[in-house]
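The next block holds one structure in the form of structure tokens; read it before the comments.
The values are calculated or read from the model by the stated rules, or taken from the named source; none is laboratory data. No experiment lies behind these values; they were computed from the predicted model shown. Cβ placement follows ideal geometry from the backbone for every residue including glycine, while neighbour counts extend to all protein chains displayed.
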Amino acid sequence: MIGIYNNRYQVVIRLYALYSLIFFIASLLIECHSAKEKEITIRWQNRRAIGISIPKGFIDTIDADSLEKQLSVRLTNQKTAIAGQYQLGDGTVIFEPLIPFTRGLRYVVWLNDKRLGEVSIPALDSNDRPALLGIYPSQDSLPENLLKIYLHFSRPMRERQSQKYVTLLKNNNDTLSGVFLDLQPELWNPDRTILTLWLDPGRIKRDLQPNKRLGAPLQTHNRYKLVVTASWPDEQGATLEKDVTKSFVAIQRDSLSPNPKKWTLLEPKSGSLQSLDVSFSESLDYSLLTETLSVIREDGANVPGRWQSGEEEKLIRFKPNNVWQSGRYKLRIESRLEDLAGNNVNRLFDRDITRKDQRATSESFTELLFKVR
């Protein structure tokens, strides 16, 4: 009997200890949750600090209509409020700045002249930096009437920064001003990883006043260096690891339109996943190359696949998703495809409208036939 009693007693003690532990953990979780409800917290999206949540208990005396008048978010030791929007959430007031908060900085929330609290945006790992994957055109001899330069980054960059972080040097000495158009908004792709820089068209076209007054942005036989400064931040505030440069020499103007009839097609074999290789007689526009070409079957259906430009943008490869079937195909080229000087398949960018040999045509596309055997 004594043994049975002792066993029951030990079971009761163990159950009591277990229940006590459960109660302790539950209390701790409730306490942590309650504490969190009393803190100003950061709202994250895709690793970006896009806003903060302010508990309503901090500001329960404020009407919703007067939030923006009485609340402000400022950088530590700064008096200027950060632009953004306030909105009521579930038990919180949410503030979203126009530009995501910067990593490594601290922000203070104010109610009129009362300091409500502070949040610190964690800094990124020092090795977690964006990279400039390429500057295009990639070749080192470019026509003096070059129209566009592309910067291809590894991840989304902060906008409205190109005038601050991109410089063009002439003969390694002279810093050139007014070379690029100051476009606002800038010309980014939807992912904000590719930026298009336009050299001033008004200075490229020879019959316009900017050209007559300032001359062309580039001049034949001169050497140039494009410098992208390392301090350019991405959308999270991380900067490039180092300055990136591209050196090139300006050669004579390009006054001829791309001519698909001079292109060479290397036909793939039937039943294979070989690429269709298309070689040009010149370098073509890096961005438009992958936008303006398509492969069409004999029945008119598009062949699904992926385009990849080759060395110096003088070659492009089409990799099909499925094996090639025997038959006739068309390579369709949209007429908006341009060379480096902005001359497209239909017309010259800088043309003399009085000359018959420079008049524009109106075809929307050109087609080249090829066979798969």
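Values as computed for the structure displayed
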| read-out | value |
| --- | --- |
| Residue in segment 191-210 that is in a loop (DSSP other than H, G, I, E, B), crowded, with 16+ Cβ neighbours inside 10 Å and polar (S, T, N, Q) present | yes |
| Single unsatisfied condition, Ile25 versus (1) among the aliphatic types (A, V, I, L, M); (2) at pLDDT 75 or above; (3) out of contact with any Leu (no Cβ under 9 Å at 6 or more places or on another chain) | (2) |
| Residue match in segment 250-267 (condition: under 30 Å from the mean Cα position of the chain (by Cα), of a type in the set (A, V, I, L, M) and not in a loop (DSSP other than H, G, I, E, B)) | yes |
| Enumeration of residues in segment 172-190 that are in a loop (DSSP other than H, G, I, E, B) and either at positive phi or not small (Gly, Ala, Ser) (or both) | Asn172, Asn173, Gly178, Val179, Leu181, Asp182, Leu183, Gln184, Pro185, Glu186, Asn189, Pro190 |
| Residues being assigned to a helix (DSSP H, G or I) and crowded, with 16+ Cβ neighbours inside 10 Å - total across segment 157-171 | 2 |
| Unique residue being out of contact with any helix residue (DSSP H, G or I) (no Cβ under 8 Å at 6 or more places or on another chain), in contact (Cβ under 8 Å) with a residue 40 or more places away in the chain and more than 26 Å from Asn46 (Cβ to Cβ) when the list is Ile204, Ile149 | Ile149 |
| Options Ser275, Ser257; residue that is buried (at least 17 other Cβ atoms within 10 Å of the Cβ), free of Cβ contacts under 8 Å to residues at least 60 places away in the same chain and either among the aliphatic types (A, V, I, L, M) or under 26 Å from Phe365 (Cα atoms) (or both) | Ser275 |
| Some residue of segment 140-154 being farther than 28 Å from Ser257 by Cβ and either assigned by TED's automatic domain parsing to the domain that holds Asn343 or buried (at least 17 other Cβ atoms within 10 Å of the Cβ) (or both) | yes |
| Index of the failed condition, Tyr136 passing every other in (1) surrounded by fewer than 19 Cβ atoms within 10 Å (Cβ to Cβ); (2) of a type outside the set (S, T, N, Q); (3) farther than 13 Å from Pro233 by Cβ | (1) |
| Residue, surrounded by the fewest Cβ atoms within 10 Å (Cβ to Cβ), within segment 284-333, restricted to residues that are among the small types (Gly, Ala, Ser) and in a strand (DSSP E or B) | Gly327 |
| Failed item, numbered, when Gly237 is tested on (1) part of a loop (DSSP other than H, G, I, E, B); (2) within 21 Å of the chain's Cα centre (by Cα); (3) surrounded by fewer than 13 Cβ atoms within 10 Å (Cβ to Cβ) | (3) |
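Quick grid of which residues meet (1) assigned by TED's automatic domain parsing to the domain that holds Thr220; (2) of a type outside the set (Phe, Trp, Tyr); (3) closer than 28 Å to Asn189 by Cβ; (4) modelled with pLDDT of 95 or more:
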| site | (1), (2), (3), (4) |
| --- | --- |
| Leu266 | no, yes, no, yes |
| Ser275 | no, yes, yes, yes |
| Asp285 | no, yes, yes, yes |
| Arg328 | no, yes, no, yes |
| Asp339 | no, yes, yes, yes |
| Ile353 | no, yes, no, no |
| Ser362 | no, yes, no, no |
| Glu367 | no, yes, yes, yes |
